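What follows is a set of notes on a single structure, which appears directly below.
The values are calculated or read from the model by the stated rules, or taken from the named source; none is laboratory data. Because the structure is predicted, anything quoted here is derived from the model rather than measured. Backbone-built Cβ (ideal geometry, glycine too); neighbour counts: all protein chains shown. Side chains included, ligands, DNA and RNA excluded: accessible areas come from the protein's heavy atoms. Shrake-Rupley method; radii C 1.70, N 1.55, O 1.52, S 1.80 Å.
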Amino acid sequence: MVSKVNGAAYPGVWVERNVAFVKITFSKNIKTLAAADLLVLGTATPAGASTVGDSSFGVVESVLVKALKALEVKAVILGISDPTAGGAQFDVMLGHAEGWFAPLTDGIILAAGQPVLGAQARVTTIASAAPFNALGDIVGVTDTAVTYTLQFSKFELLPAGTGANGAITNGPGSTSGAVPAGSATGTPGFYPTTIPHTS
């Protein structure tokens with residue numbers, strides 16, 4: 001049974017106990033993997049000159065998913081941030097995370113340079129040479145292309161969510177016939193934009 005955190009206001013996230021925040025840092029931008037990192041799916045054939053692939057969100061066995069599986073051995077993933085540091089870092093909120101212990105004061109919980117094996121990517125730029133992968137095709141990622149490091153991170157100083165920065169979106173509610181259409185109250189309403197996104 002999970003004990004809930006209750007009581008007076010104090011800094012932190014009021015969710016279940018044993019929640020931790022972890023930063024995944026990849027060796028490169030996994031949203032724009034270059035042709036040298038990509039293969040025709042299921043083969044050792046290069047995906048083609050100028051091919052670019054996204055191996056973050058929206059791919060079942062992406063580099064990101066492969067790294068997250070290491071966390072899922074000892075914790076439940078509650079949330080994942082959009083990428084920072086040029087597509088190379090993601091913050092992850094973990095529940096039931098009491099099994100994680102850092103051997104060093106810098107918070108590294110796995111040795112740096114862990115390889116990502118058997119990952120896939122979605123083609124975002126078409127090859128200029130054979131085999132001419134189409135946009136949206138799934139390609140393989142070479143096992144030597146990307147490594148990652150896991151580290152505890154600090155939760156604070158998040159920016160305010162606004163329409164301007166894309167954190168909230170104006171949209172309909174649940175009642176039909178209102179203005180705007182579908183609004184539950186008849187007035188414009190904002191709600192959190194679904195993240196992570198695949199753009």
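The table below gives the values:
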{"quantity": "Gain upon complete extension [Asp143, Thr45; 0.36 nm per residue less C-alpha separation]", "calculated": "33.9 nm"}
{"quantity": "Difference of contour (0.36 nm per residue) and Cα-Cα distance, Thr125 to Val76", "calculated": "14.2 nm"}
{"quantity": "Square roots of five times the Cα gyration tensor eigenvalues for the stretch 35-99, Å", "calculated": "29, 14, 8"}
{"quantity": "Computed accessible area, Leu41, all protein chains, 1.4 angstrom probe, square angstrom", "calculated": "80 Å²"}
{"quantity": "Computed label-point distance, nm, for sites Asp106 and Phe190 using a 7 Å Cα→Cβ extension", "calculated": "3.9 nm"}
{"quantity": "Solvent-accessible area, 1.4 Å probe, carbon plus sulfur percent, for the stretch 76-122", "calculated": "62 percent"}
{"quantity": "Cross-link table Lys23/Lys154; Lys66/Lys154; Lys28/Lys66, entries beyond 19 Å C-alpha to C-alpha", "calculated": "Lys66/Lys154"}
{"quantity": "Solvent accessible area, Å² - Lys28, 1.4 Å probe, full protein context", "calculated": "70 Å²"}
{"quantity": "Förster radius 30 Å - calculated FRET efficiency between Ala34 and Leu117 (Cβ-Cβ, nearest 0.05)", "calculated": "0.95"}
